Amino acid sequence: MSEQVKSGRGLKIALAMSLALNLAVAGLVLGAMIGFGPRADRDDPRLRALGLGPFAIALSREDRAGFAARIDRESLGAERRSLGVGLRQLGEALRADPFDRTAAEAALARMRAATATLQGVSHTALLDQIAQMPPAERAVLADRLGRALRRMGGHRDAR
């Protein structure tokens, strides 16, 4: 009996940690989407939250502004709402007694899909922005990207 209690407790801890990680990711994405506006800081956390970490540093102010202009705000709003629905559904599954694993999985799947869509929208906008750059600007971006990667994580491969 005590082994069942221990394994149940371990499962609850693992589920809580998984939930905390997923909520942190969703919170970052939601926070970035809510704050997406004309501000163009040198290290833009909104770009990081969209899955564009090193580009938050590497893109010039003008290119960040161009990127922001290319973002489909309707799409972002719909996915942001989908993330919110997923969070509410997850909360309901957590409160269910007994725990509703199927509902929790469905909520997490919804949040994962919304996050993937948000990243897809942002990656498309980034590629559109890069595609309009002349070769010399792309080379400068590549150099900045290499420096940003080294600064962010000390990657030796980024040159």
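Structure notes:
- Model label sites at ARG95 and ALA116, defined 7 Å from Cα along the beta-carbon direction, differ in position by 2.9 nm.
- Region 117-156: trypsin sites (Lys or Arg not before Pro) falling in loop per DSSP and having at most 12 other Cβ within 10 Å: ARG156
- Likely footprinting exposure, SER60, SER122, fewest C-beta neighbours within 10 Å first: SER60, SER122
- Filtered chymotrypsin sites (Phe, Trp or Tyr not before Pro), region 50-159: DSSP coil and at most 14 other beta carbons within 10 Å: PHE99
- Calculated SAXS-style log₁₀ I(q)/I(0) at q = 0.18, 0.19, 0.21 Å⁻¹ - region 56-154, Debye, Cα scatterers: -0.86, -0.90, -0.99
Any read-out appearing in this document is the output of simple, stated calculations on the displayed coordinates, not a laboratory observation. Since we're looking at a predicted model, the values are computed, not measured. With ideal geometry, Cβ positions are generated from the backbone for all residues, glycine too; neighbour counts draw on all protein chains shown.
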